[in-house]
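The values are calculated or read from the model by the stated rules, or taken from the named source; none is laboratory data. Computed from a predicted model, the values in this text were never measured in an experiment. Counting neighbours? That spans all protein chains shown, and the Cβs are built from the backbone with ideal geometry, glycine included. Ligands, DNA and RNA are excluded from the accessible area calculation, which covers all protein heavy atoms including side chains. Shrake-Rupley method; radii C 1.70, N 1.55, O 1.52, S 1.80 Å.
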Amino acid sequence: MLVVMNHDATAEHVARVVEVIEEMGYQARPMPGAQRTSVGLVGNDGRVDASPLESLAGVAEVIHVTKPYKQAAREWRQENTLVTIAPGVVFGGREIPIIAGPCSVESEHQIVLAAQQVRAAGASALRGGAFKPRSSPYSFQGLGMKGLELLALARRETGLPIVTEALDEEGAHRVAEVADLIQVGARNMQNYALLKTIGRLGKPVLLKRGMAATIVDLLMSAEYLLAEGNTQVILCERGIRSFDPSTRNLFDLTAIPLVQKLSHLPIIADPSHGTGLRDKVLPMGRAAIAAGADGLIVEVHPNPDRAMSDGGQTLFPEQFERLVVAARTIAAAIDRSITPGSGTRTAANG
Ligand code: PEP
Ligand code: MN
């Protein structure tokens, strides 16, 4: 439930609403907005009697959020949520950041070179997995802690903020020490224990759509993060399983405008996992920008043919450069722009 305050409601009015919600046995989440403040009521598992709140001074209206995902719903918050992962790298606004880098961190040389190449091409964040969820236990599992150290080094060298995946609860704490944006992968989208842990870490989270997840499943998983008090959540469409093996996944572009209607959270697109095919990444990356994506995450490697994971869907740096150039033109056509690369900013602390 959402208590919307009048434009001229005072801080005392808001405080009284919070007090009454707590007296009712629920938690209150005050949310100052550009126009007016709202106070969310959470902790209920069904309809709440709004009458003790409706009559309070300063209250304009009480809205019952009809969706099962509450805090993730547009009803809860009408303005887009902006998620800032580093100075100038903001998801959900007019600017569209592009995250790029290899599937996995493989060595110091590889990750630093990849970071320099994607930065030169216009990326505003570096991706790279240190803990990898692989279909086979015999496949490369990532460099683990060493991989995190190398990501921190790549950030010191280039200034690019880091996006990397946390696979389990213990690793999540280690990942949070290095990542500017913690990725929850498709396979873990419904790992609710992990979502609760990550929701409490206080860092922005990139939640990728599970390969058999509906849009509502995705938003319910986001709700787990929001319920822990973390509002810094970015969603990601990365393709879903289909009957057709022509592509690795079926890249669901409709998810982008759908989610934007249902939720205030930003949604980005991953055309690399979405297609699984290097030569399809450029057209589908362009299409995602045209569809309104709030960002892209793209696999790029200095030498994709030698990549230790996902090489077949990974772009050569020059292909990535072409994608960024095209993305700029397409973004301009829909009155948006691609976030300038971090080459113009000072390096973040490692
Ligand atoms: C990845 O980003 O490399 C990855 C494993 O993605 P997903 O969880 O979408 O498969
Ligand atoms: Mn990958």
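All of (1) crowded, with 20+ Cβ neighbours inside 10 Å; (2) part of a helix (DSSP H, G or I); (3) of a type in the set (A, V, I, L, M, F, W, C) hold for Leu258 with one exception: (1).
In the stretch 64-81, what residues are exposed (fewer than 15 other Cβ atoms within 10 Å of the Cβ), touching a residue at least 24 places away in the same chain (Cβ under 8 Å) and out of contact with any helix residue (DSSP H, G or I) (no Cβ under 8 Å at 6 or more places or on another chain)?
Narrowing the stretch 64-81 to residues exposed (fewer than 15 other Cβ atoms within 10 Å of the Cβ): 64, 66, 68, 78-79.
Narrowing the set further to residues that are touching a residue at least 24 places away in the same chain (Cβ under 8 Å) leaves 64, 68, 78-79.
Passing the criteria: His64, Gln78, Glu79.
Selection of the stretch 314-327 for residues being crowded, with 19+ Cβ neighbours inside 10 Å and under 17 Å from Gln110 (Cα atoms) yields Thr314, Leu315, Pro317, Phe320. Within the stretch 284-303, the set of residues being within 16 Å of ligand 1 (Cβ to nearest atom) and surrounded by fewer than 24 Cβ atoms within 10 Å (Cβ to Cβ) comprises Met284 only.
Name the one entry in Gly101, Gly142, Gly129, Gly122 that is in contact with a Cys (Cβ under 8 Å, 6 or more places away or on another chain) and under 27 Å from Arg278 (Cβ atoms). Answer to the selection: Gly129. Being closer than 27 Å to Arg74 by Cβ, open to solvent by less than 30 Å² (accessible area, probe 1.4 Å) and away from ligand 2 (no atom under 16 Å from the Cβ) is a description that applies to Pro266.
For beta carbons closer than 8 Å, sequence separation of 6+ or different chains, a first residue in the stretch 112-132 that is free of Cβ contacts under 8 Å to residues at least 40 places away in the same chain and assigned by TED's automatic domain parsing to the domain that holds Pro102 and a second that is of a type in the set (S, T, N, Q) and part of a helix (DSSP H, G or I), the qualifying pairs are Leu126/Thr158. Would it be correct to say that Leu167 is farther than 20 Å from Ala288 by Cα, assigned to a loop (DSSP other than H, G, I, E, B) and in contact with a Lys or Arg (Cβ under 9 Å, 6 or more places away or on another chain)? Against the criterion (farther than 20 Å from Ala288 by Cα, assigned to a loop (DSSP other than H, G, I, E, B) and in contact with a Lys or Arg (Cβ under 9 Å, 6 or more places away or on another chain)), Leu167 qualifies. Only one of the listed residues (Arg187, Arg156) is closer than 18 Å to Ala222 by Cα, basic (Lys, Arg), open to solvent by 10 Å² or more (accessible area, probe 1.4 Å) and touching a residue at least 12 places away in the same chain (Cβ under 8 Å). That residue is Arg187. Taking the condition out of contact with any Phe, Trp or Tyr (no Cβ under 8 Å at 6 or more places or on another chain), closer than 30 Å to Lys67 by Cβ and either assigned by TED's automatic domain parsing to the domain that holds Gly128 or without any contact (Cβ under 8 Å) to a residue 40 or more places away in the chain (or both), does Leu250 pass? Yes. Here the condition is being in the same structural domain as Gly274 (by TED's automatic domain parsing) and open to solvent by less than 20 Å² (accessible area, probe 1.4 Å); of Ile182, Ile240, it holds for Ile182 alone. For the stretch 276-297, the tally of residues that are more than 16 Å from Pro102 (Cα to Cα) and among the β-branched types (Val, Ile, Thr) stands at 1. Out of the residues in the stretch 10-53 that are free of Cβ contacts under 8 Å to residues at least 40 places away in the same chain and of a type in the set (Val, Ile, Thr), which is surrounded by the fewest Cβ atoms within 10 Å (Cβ to Cβ)? So the residue we want is Val18. Quick check on Leu265: is it more than 13 Å from ligand 1 (Cβ to nearest atom) and touching a helix residue (DSSP H, G or I) at 6+ places or on another chain (Cβ under 7 Å)? Spelling it out, Leu265 is indeed more than 13 Å from ligand 1 (Cβ to nearest atom) and touching a helix residue (DSSP H, G or I) at 6+ places or on another chain (Cβ under 7 Å).
Number of residues in the stretch 195-244 that are within 13 Å of the chain's Cα centre (by Cα), in a loop (DSSP other than H, G, I, E, B) and within 16 Å of ligand 2 (Cβ to nearest atom): the value is 2. There is at least one residue in the stretch 270-280 that is open to solvent by less than 10 Å² (accessible area, probe 1.4 Å), modelled with pLDDT of 95 or more and not in a helix (DSSP H, G or I).
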